[in-house]
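One structure below.
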Amino acid sequence: MKVYLTEFYINPRFSFDVSYRVYKYFDTCINKTIKTVTKDDDTFLWIILDSKKIKETKIEKRIKWGPKNKNEYKTVVYLPYDRLKKSRKFEYDFVTVVCDAVGEILKTYDVPEKNRTKIKELSLAEIPGNPKYYFDDEKL
């Protein structure tokens with residue numbers, strides 16, 4: 001199984017300035033950490049981050065996505081916009097909320113708790129406070 005995170009903010013007023021490098025790190029960290037505990041098959045899981053004026057993170061039901069002959073699924077995670085935007089520790093709280101949601105999703109794929117916890121620990125040790133992941137009006 002391969003997991004990919006992306007952001008797609010339907011309402012631009014509810015978006016976050018997060019570097020693409022953060023999502024790239026998440027993808028690498030998640031896939032390395034689950035590689036030994038998931039079947040190495042053609043399943044692709046797209047986790048799409050959006051935000052809404054909600055108090056807690058909401059995970060939309062997983063749906064089949066893409067061509068019928070592919071094992072592609074998408075899950076939308078709605079992040080609590082106000083809570084994160086007002087946070088004094090935005091990077092830390094953003095990584096925590098995203099990792100918690102990813103952990104809940106991976107739980108449905110029988111990924112062990114120790115692997116889900118490792119993703120969060122590695123991400124919290126790497127991203128918050130690291131200038132490498134700062135958003136800077138990047139050009140892709």
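The values are calculated or read from the model by the stated rules, or taken from the named source; none is laboratory data. If you're wondering where the values come from, they're calculated on a predicted model, not measured in any experiment. Don't worry about glycine lacking a Cβ; one is built from the backbone with ideal geometry, like all the others, and counts go over all protein chains shown.
Some values worked out for this structure:
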{"read-out": "Region 83-105 residues that are closer than 13 Å to VAL18 by Cβ, paired with ones that are among the polar types (S, T, N, Q) and not in a helix (DSSP H, G or I) (beta carbon under 8 Å, 6 or more apart)", "value": "LEU84/SER51; ASP93/SER87; PHE94/SER87; VAL97/THR57"}
{"read-out": "Residue in region 53-70 that is modelled with the lowest pLDDT, counting only those that are surrounded by 15 or more Cβ atoms within 10 Å (Cβ to Cβ) and in contact with a Leu (Cβ under 9 Å, 6 or more places away or on another chain)", "value": "ARG62"}
{"read-out": "One residue from VAL77, VAL37 being among the hydrophobic types (A, V, I, L, M, F, W, C), part of a loop (DSSP other than H, G, I, E, B), touching a helix residue (DSSP H, G or I) at 6+ places or on another chain (Cβ under 9 Å) and modelled with pLDDT of 85 or more", "value": "VAL37"}
{"read-out": "Count of residues meeting criterion [charged (D, E, K, R) and either assigned to a helix (DSSP H, G or I) or surrounded by 16 or more Cβ atoms within 10 Å (Cβ to Cβ) (or both)] in region 40-51", "value": "1"}
{"read-out": "Residue selected from region 77-97 under the condition of a type in the set (Phe, Trp, Tyr) and under 14 Å from the mean Cα position of the chain (by Cα), by the criterion surrounded by the fewest Cβ atoms within 10 Å (Cβ to Cβ)", "value": "TYR92"}
{"read-out": "Test: residue in region 98-110 that is surrounded by 13 or more Cβ atoms within 10 Å (Cβ to Cβ), modelled with pLDDT of 90 or more and either part of a loop (DSSP other than H, G, I, E, B) or among the hydroxyl-bearing types (Ser, Thr, Tyr) (or both)", "value": "no"}
